[in-house]
2 protein chains.
Amino acid sequence: MGMNDFIKSPDDRLNRQLLFSAEIDKMTSVLRRTLLIDKSRRENDAEHSWHIAVMAMLFSEYASEPVDIGRAVQMCVVHDLVEIEAGDTFAYDTAGNEDKAEREKLAADKLFSKLPDDQGKMIRSLWEEFDAMETPDARYAACMDRLQPFLHNTLTEGHGWQSGNVERSSIEKRMSIIKDFMPEVYKWITTCLDNAVKKGWVDTSTPI
Amino acid sequence: MGMNDFIKSPDDRLNRQLLFSAEIDKMTSVLRRTLLIDKSRRENDAEHSWHIAVMAMLFSEYASEPVDIGRAVQMCVVHDLVEIEAGDTFAYDTAGNEDKAEREKLAADKLFSKLPDDQGKMIRSLWEEFDAMETPDARYAACMDRLQPFLHNTLTEGHGWQSGNVERSSIEKRMSIIKDFMPEVYKWITTCLDNAVKKGWVDTSTPI
């Protein structure tokens, strides 16, 4: 990083905002399991966050409760920021997900303290709302966070599923928020899963 | 692209939304002149769009008019979509910018027609608003679109400026929207430009 080249403003608040903006560029090197659709390489967190933010502008008509799209889009762009410190945990990594909450809490303490207090609290609170998946906006953003990698997997021969030996039942569990909140979209998910089983992209060793 | 693997839903509207979502993943391969801050490689349009969207959540206090942050963030995530068809034009490429408007209009016709009509119009209208830089939301989003690569350039030894032999006066022209709309932030821009001249990162062959 060229942070040493940073030219300070006399305004400390502005410096913190600019340095935080530089800091989050690290999202471009947090790699996810998912491939880009052209299969050229793994997707990174910046790309994924952007992608679900645009999708959040398109799918609200399927949501079972009214959604504030502007808020949901903001949630999408910040929902993975803590991974700058905590790293990405593959959604189907059981062990990795056991201590994920604790790791991410510490990461949030570290990352968001770099912002002016009010803004650190604002972004942290959006991230916590996303993570709790209780409000309609958070449930909707969480659906986008599941739908986008699902779409990528269906178009890359189930790369993430195959490489992680993921079972259909685990995918269904991960997609259950879509089943609850966007049942029309879940019908398409089911059809794609049937196809993925037929193609041998998902593990079906455990009877479901 | 694995588009042939796309499993259709009986709902044609949903298919268009899903296929458009897949289509825009191409933003990850539209490269910009700007380097990532760690200098590892050039930034792509998906990363840039995400980055300015997060920044739009942080700098509104400096705007000279009230801004609807939720709208500005949405503008940020869609503002470069047409480059999937039209390619990125370096901000300081005079010849490339001469026919940019025409190329991008044709690109928009092609790209946004892939969405259901109402949604194609909605995103196109946000993009046109951004491009016209007349409303406060658009002016603010445009400031983020200038501030982020400026920040990157200051932290990568002026890579974009040096590689394009860019003159200080051209950068000042490009940053004039920040001068108008966020004068406090522009003070920092000026200090950084003084430093860039001192370091020899910008061309000063034309007297200004």
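The values are calculated or read from the model by the stated rules, or taken from the named source; none is laboratory data. These figures come from a predicted structure and were not determined experimentally. So basically every Cβ, Gly included, is an ideal-geometry build from the backbone, and we count neighbours across all protein chains shown. When the accessible area is computed, the model is the full protein with side chains, heavy atoms only, and any ligands, DNA or RNA have been set aside. Shrake-Rupley method; radii C 1.70, N 1.55, O 1.52, S 1.80 Å.
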For region A:98-119, does any single residue satisfy the condition of being open to solvent by 30 Å² or more (accessible area, probe 1.4 Å), more than 9 Å from chain B (Cβ to nearest Cβ), in contact with a Phe, Trp or Tyr (Cβ under 8 Å, 6 or more places away or on another chain) and closer than 30 Å to A:Trp201 by Cβ? no
Among the residues of region B:171-184, is there at least one that is under 18 Å from the mean Cα position of the chain (by Cα), within 24 Å of B:Phe59 (Cα to Cα) and within 14 Å of chain A (Cβ to nearest Cβ)? yes
Could you grab the pairs with beta carbons closer than 7 Å, sequence gap of 6+ or different chains, first residue in region A:55-70 and free of Cβ contacts under 8 Å to residues at least 12 places away in the same chain and closer than 20 Å to A:Pro149 by Cα, second one in a helix (DSSP H, G or I) and open to solvent by 10 Å² or more (accessible area, probe 1.4 Å)? A:Leu58/B:Gln119
For region B:28-57, give me the residue count where each residue is aliphatic (A, V, I, L, M), within 7 Å of chain A (Cβ to nearest Cβ) and crowded, with 21+ Cβ neighbours inside 10 Å. 6
Any idea which of A:Asp99, A:Asp109, A:Asp11 is among the acidic types (Asp, Glu) and under 30 Å from B:Ala196 (Cβ atoms)? A:Asp11
Looking only at region A:65-80, how many residues end up being out of contact with any Asp or Glu (no Cβ under 7 Å at 6 or more places or on another chain) and not hydrophobic (A, V, I, L, M, F, W, C)? 4
Within region B:7-22, tally of residues that are out of contact with any Cys (no Cβ under 6 Å at 6 or more places or on another chain), hydrophobic (A, V, I, L, M, F, W, C) and within 9 Å of chain A (Cβ to nearest Cβ): 4
Given the conditions (1) free of Cβ contacts under 8 Å to residues at least 12 places away in the same chain; (2) under 22 Å from A:Ala95 (Cα atoms); (3) open to solvent by less than 50 Å² (accessible area, probe 1.4 Å), and given that A:Lys173 satisfies all but one, which numbered condition is not satisfied? (3)
Of everything in region B:127-170 that's surrounded by fewer than 21 Cβ atoms within 10 Å (Cβ to Cβ), among the polar types (S, T, N, Q) and part of a loop (DSSP other than H, G, I, E, B), which residue is farthest from the chain's Cα centre (by Cα)? B:Asn165
Being surrounded by 18 or more Cβ atoms within 10 Å (Cβ to Cβ), acidic (Asp, Glu), within 7 Å of chain B (Cβ to nearest Cβ) and in contact with a helix residue (DSSP H, G or I) (Cβ under 9 Å, 6 or more places away or on another chain) is the requirement here; does A:Asp25 meet it? yes
Take the residues in region B:24-69 that are part of a loop (DSSP other than H, G, I, E, B) and of a type in the set (Gly, Ala, Ser), then tell me which one is farthest from B:Phe181 (Cα to Cα). B:Ser40
Restricted to region A:70-91, and to residues that are modelled with pLDDT of 95 or more and not in a helix (DSSP H, G or I), which residue is surrounded by the most Cβ atoms within 10 Å (Cβ to Cβ)? A:Leu81
Report yes if A:Glu65 is under 28 Å from A:Arg139 (Cβ atoms) and acidic (Asp, Glu), otherwise no. yes
Counting only residues in region B:185-208 that are within 12 Å of chain A (Cβ to nearest Cβ) and free of Cβ contacts under 8 Å to residues at least 24 places away in the same chain, the one least open to solvent (accessible area, probe 1.4 Å) is identified as B:Trp188
